1. Looking for whichever is in a helix (DSSP H, G or I) and touching a residue at least 12 places away in the same chain (Cβ under 8 Å) here; the options are L81, L20. Which one fits?
2. If you check L115, L123, which single one turns out to be surrounded by fewer than 24 Cβ atoms within 10 Å (Cβ to Cβ) and either under 11 Å from L253 (Cα atoms) or of a type in the set (A, V, I, L, M) (or both)?
3. Restricting attention to segment 185-204, and to residues there that are surrounded by fewer than 17 Cβ atoms within 10 Å (Cβ to Cβ) and over 20 Å from F30 (Cα atoms), which single residue is modelled with the highest pLDDT?
4. Tell me, yes or no, whether segment 34-48 has at least one residue that is farther than 20 Å from A122 by Cβ, free of Cβ contacts under 8 Å to residues at least 12 places away in the same chain, out of contact with any strand residue (DSSP E or B) (no Cβ under 8 Å at 6 or more places or on another chain) and in a helix (DSSP H, G or I).
5. Being under 26 Å from L232 (Cβ atoms), out of contact with any Ser or Thr (no Cβ under 8 Å at 6 or more places or on another chain) and surrounded by fewer than 17 Cβ atoms within 10 Å (Cβ to Cβ), is that true of even one residue in segment 39-58?
6. So is S95 at pLDDT 90 or above and either acidic (D, E) or in a helix (DSSP H, G or I) (or both) or not?
7. Does segment 156-178 contain at least one residue that is of a type in the set (A, V, I, L, M, F, W, C), part of a helix (DSSP H, G or I) and at pLDDT below 80?
Amino acid sequence: MSILTLLVPDFMLILLGFLLARLSHWGGHFWAGVEKIVYYIMFPALLFYTTAKTPFDFHTTGRLLQTALIATASGMVLGGLAKYLFKTAPRIFESGVQTAFRFNSYIALAIASRLAGEQGTALMALLIGFLVPLCNMAAVYALAHQSGRLLKEIASNPLVVGTASGVLFSLLQIPLPEAVGATLSRLGNASIALGLLAVGAGMKLSALHESKGIASYFLTIKLLILPLIALLLGRWLALPLLQLQIAVVFCALPTASSAYVLAARMGGNGPFVAFLISASTVLSVLTLPFWLALVH
């Protein structure tokens, strides 16, 4: 499968969501509802189903997890340096630094599924389950006084719960009834298309009038430096080809759409984060094919 054949359908769905949100008269409540049903029901169903039916051997996936963890941690460290490299308002840095290492799970699983079917989806789901808690904690590190609530939110995060439950089912070798498996499979398949439409609907391509330097810095880390670290580290650790592809794609993903929600809850600069999310999504149309070509 060529790189274009692999990526174009997913980006076409994002473009379709962008156009529908602006040309239709369905309103913001419609898209908010789509986002909620995907995030709280369909997407966890996909994560649970793919991990529950996949036999995991952490001796073989340990190097994959190590690669993704080190690359993501590098993004956190490099993003944190922006506080000292750029003279910006504190809320610009605190709101935007999360975009240097958070990732869009919808695009992640869409690409993994097209890349290697259920095997690719399961490997990507494993990374999502391990890295979502870490990235969420790092994103709100500045709000240390809310750490108690944060831990509770992470424990109830639907992506974490779905992945952890599926891995537990797999390790305990608990069989899924056929009817339950079929239902979860259908929910999971629908989640990818709807999730990509929601990504497009949430894009805001307004011009950036301030802090262009730090914005470029965060985008460079997320789209160029992190996948480079994953590629070099993955090759050094001699990852199998599929695991290397998954690790590089994971690190090359545009930033998470939910970063805007978190910035708003923090009382941060929401428009700045919205621009970074949209810019990283648009630029990933160019950068993702580049990184996939290096490991395809």
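1. Details: L81 fails: touching a residue at least 12 places away in the same chain (Cβ under 8 Å).
Matching residue, one of L81, L20: L20.
2. On the way: L123 fails: surrounded by fewer than 24 Cβ atoms within 10 Å (Cβ to Cβ).
Step by step, each of L115, L123 is checked, and only L115 is surrounded by fewer than 24 Cβ atoms within 10 Å (Cβ to Cβ) and either under 11 Å from L253 (Cα atoms) or of a type in the set (A, V, I, L, M) (or both).
3. Among residues in segment 185-204 that are surrounded by fewer than 17 Cβ atoms within 10 Å (Cβ to Cβ) and over 20 Å from F30 (Cα atoms), the one modelled with the highest pLDDT is R186.
4. Within segment 34-48 (the criterion being farther than 20 Å from A122 by Cβ, free of Cβ contacts under 8 Å to residues at least 12 places away in the same chain, out of contact with any strand residue (DSSP E or B) (no Cβ under 8 Å at 6 or more places or on another chain) and in a helix (DSSP H, G or I)), the answer is yes, since at least one residue qualifies.
5. Step one: list which residues in segment 39-58 are under 26 Å from L232 (Cβ atoms), which gives 56-58.
Keeping just the survivors that are out of contact with any Ser or Thr (no Cβ under 8 Å at 6 or more places or on another chain) gives 57-58.
So of that shortlist, the ones also surrounded by fewer than 17 Cβ atoms within 10 Å (Cβ to Cβ) come out as 57-58.
Yes - at least one qualifying residue is present in segment 39-58.
6. Details: at pLDDT 90 or above: no; either acidic (D, E) or in a helix (DSSP H, G or I) (or both): yes.
So S95 fails the test.
7. Initial filter on segment 156-178 (of a type in the set (A, V, I, L, M, F, W, C)): 159-161, 164, 167-169, 171-172, 174, 176.
Now drop any that are not part of a helix (DSSP H, G or I), which leaves 159-161, 164, 167-169, 171.
Filter once more, so that each one left must be at pLDDT below 80: 159-160.
Checked against the condition, which is being of a type in the set (A, V, I, L, M, F, W, C), part of a helix (DSSP H, G or I) and at pLDDT below 80, segment 156-178 yields at least one hit.
Yes/no matrix, rows are residues, columns are (1) crowded, with 24+ Cβ neighbours inside 10 Å; (2) farther than 24 Å from K212 by Cβ:
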{"position": "L231", "(1), (2)": "no, yes"}
{"position": "L242", "(1), (2)": "no, yes"}
{"position": "T255", "(1), (2)": "yes, no"}
{"position": "N269", "(1), (2)": "no, no"}
{"position": "V285", "(1), (2)": "no, no"}
{"position": "L292", "(1), (2)": "no, yes"}
{"position": "V295", "(1), (2)": "no, yes"}
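The values are calculated or read from the model by the stated rules, or taken from the named source; none is laboratory data. Just so you know, these numbers come straight off a predicted model, no measurement behind them. Neighbour counts run over all protein chains shown; Cβ positions are idealised from the backbone, glycine included.
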